[in-house]
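Asker: My questions all concern the structure below.
Readers should treat all values here as calculations from the given coordinates under stated rules, not as data from a laboratory. Since we're looking at a predicted model, the values are computed, not measured. Neighbour counts are summed over all protein chains in view; Cβ atoms, including those assigned to glycine, are modelled from backbone coordinates with ideal geometry.
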């Protein structure tokens, strides 16, 4: 929910991401950048609804960080948002910015994903705060998400530091009531500042900045002792729970009578406040997701705590887990609710990725995959992807296979990468492939959007986040400029043609690129106007099941007079015609109805 009034005492129901955007708006942010990635995406999408803020989808998280940091160093408040693995991409400027500090407030949102709802790992980015020596705040609901953003900007300017705001998937997407506040006004200077001793990290300058960072952490630790966001709640003294974020909500729900130390500041920790709390209660428990981040630091203070011996290092905390822990306390474990049946993720009907993976699988190629919707090609029955590591890794991975094994073992390696992922971090891989004379064929899946995170624009779509026309990358020209001599653009739904090109290119003793161009079926600008209907002639279907290997949701399996036969659910069919092309009996035909 977007509320644009600058002066308001309204209430609004907001998700954590919407509240973060609102908090940045109220704090007078001038520049907001990011790269789409669940669970952080809606922060930037919400910020673009507010006037007088420059907002962009950047090419990747490193660039997003640098743009926002440049604005901060020039005197305007700035925020950058990304999911947890995005911080890996932005780590280089992050560590540098810790040394240089800021001029205007600079906030970095890291949206972690315990339970891996939409991620390749569960890394705990609280460790980045300690590693980079940058303070981190962690809200537990939407109200705190908004308020903590405003506090983060103030802290950033007071302590001359970037400030992390950490969220998790549950906080990002759950909603609660938020009290809105007035919008702050911050003056933006009309000239550039030159201060090389602060912002130019030559060794001679860096050596003078490091002691300032160490002193800053000590001052922030003192601030943590008195800040209201680190809150003690004394109730029953037999047990005290130390926690933060959404873990606090779950623990408070299940253990309302126990004492709590709620840490709104995840780093640095308030040492004295923790020690005083531990002396107040009989036994101390640490409830936290993923790493024993609090637990290890509290143990180092000489405090005996119970933590990961009761909680898993994997997955997210939940009310059910809290109930089971309560059962261990009370020796009366409560039975959880029956879970709903699972549903395997799948590509949409008419997805342009489906014919690509069907063909590559048919040819028996080793397929190095990447991050995107197309990673679903690894699931049964397609099972067409052999590796997925991180954004942009498919090209380097495929090159490693090629350099080690060549055409031996499983045959030639093919690297498959999405259009947005290619622009994010795949270009250096192609450059390296050409420079070091690799014979990998790269398939760029150009569906004209960042589909996995909600169909956002990127430098290849020709539109900015606000929908303004802009330059669109020419993939063919780009690849040729990098030194690839054999570049082709193919319609993936013309399966015979696509297969012929792939067969030719995998035999080349040099790099090649195939651009598979077919828009996402959910693309808001590229909807088909010539939708075709298909049907199955039951008397011609022999029940071989070949069409079922496509895993298309529109293709069903039914019992008929002719036995088990395929059936097309026309309400779901997009009319791509891939099933007709793979049917060996010619049983699938266009429908005139």
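Asker: Highest mean first, what order results for 381-391, 364-374, 229-239 on Cβ atoms within 10 Å?
Answerer: 364-374, 381-391, 229-239
Asker: What are the radius of gyration and Dmax of region 11-226, computed over its Cα atoms and given in Å?
Answerer: According to the Cα coordinates of region 11-226, Rg and Dmax are 16.1, 51 Å.
Asker: Ok, one more. Using all Cα-Cα distances in the chain, what percent lands in each 20 angstrom bin from 0 up to the longest?
Answerer: 18, 45, 31, 6, 0
Asker: How long are the semi-axes of the ellipsoid equivalent to region 170-224, from square roots of 5 times the Cα gyration tensor eigenvalues, in whole Å, largest first?
Answerer: 35, 22, 13
Asker: A follow-up question, please. Can you tell me, using C-alpha contacts under 8 Å and at least 6 residues apart, the relative contact order of the chain as a whole percent?
Answerer: It rounds to 10 percent for the chain.
Asker: In degrees, nearest 10, range 0 to 90: what is the angle between the Cα axis of helix 393-405 and the longest Cα principal axis of the chain?
Answerer: It is inclined by approximately 60 degrees.
Asker: Relative to the first principal axis of the alpha-carbon coordinates of the chain, what is the inclination of helix 61-73, with its axis defined by its Cα atoms, in degrees from 0 to 90 and to the nearest 10?
Answerer: Between the helix axis and the principal axis of the chain, the angle is about 40 degrees.
Asker: Cα extents of region 250-292 along the three principal axes, largest first, in whole Å?
Answerer: Principal-axis extents of region 250-292 (Cα, largest first): 28, 26, 16 Å.
Asker: Nearest 10 degrees, 0 to 90: what angle lies between the long axis of helix 495-505 and the longest principal axis of the chain (Cα atoms)?
Answerer: Once rounded, the angle reads 80 degrees.
Asker: Treating the Cα atoms of region 260-319 as identical point scatterers in vacuum, please give the log10 of the normalised Debye intensity I(q)/I(0) at q = 0.20, 0.26, 0.27 Å⁻¹, two decimals.
Answerer: Per q value, in the given order, log10 I(q)/I(0) is -0.77, -1.25, -1.33.
Asker: Here's something else I'd like to know. Could I have the simple spin-label model distance between residue 542 and residue 474, label points 7 Å from Cα toward Cβ, reported in nm to one decimal?
Answerer: 4.9 nm
Asker: Can I ask one more? Any idea how far the Cα center of region 436-450 sits from the one of region 83-143, in Å?
Answerer: Taking the Cα centre of each part, region 436-450 and region 83-143 sit 30 Å apart.
Asker: Per DSSP helix of 4 or more residues, -39500 (n - 2.57); summed, then divided by the residues of the chain. What does that give at 222 nm, rounded to the nearest 500?
Answerer: Roughly -10000 deg cm²/dmol at 222 nm, from the helical runs in the chain.
Asker: Okay, moving on. Place the peptides 305-316, 246-257, 136-147 in order of packing, highest mean first, counting for every residue the other Cβ atoms within 10 Å and averaging per peptide.
Answerer: Going from most to least packed, we get 136-147, 246-257, 305-316.
Asker: A further question follows. Need one number for region 534-590: average projected area of the convex hull over its C-alpha atoms, nm².
Answerer: If I average the Cα hull's projected area over directions, I get 3.3 nm².
Asker: Right, next: Which value does Rg/Rh take for region 447-572 over its C-alpha atoms, Rh per Kirkwood?
Answerer: Looking at region 447-572, the ratio lands at 1.08.
Asker: Can you tell me what percent of all Cα-Cα pairs in region 230-330 are more than 21 Å apart?
Answerer: 23 percent
Asker: If you don't mind, another one. Nearest 5 percent is fine: what portion of the DSSP beta bridges confined to region 353-517 is antiparallel?
Answerer: Taking every DSSP beta bridge with both residues in region 353-517, the antiparallel ones total about 10 percent.
Asker: Compute for region 353-517: radius of gyration divided by Kirkwood radius, i.e. Rg/Rh, restricted to C-alpha atoms, rounded to two decimals.
Answerer: 0.95
Asker: With an 8 Å cut-off on Cα pairs and a minimum separation of 6 or more residues, tell me the relative contact order of region 245-329 in percent.
Answerer: Worked out over region 245-329, it gives 37 percent.
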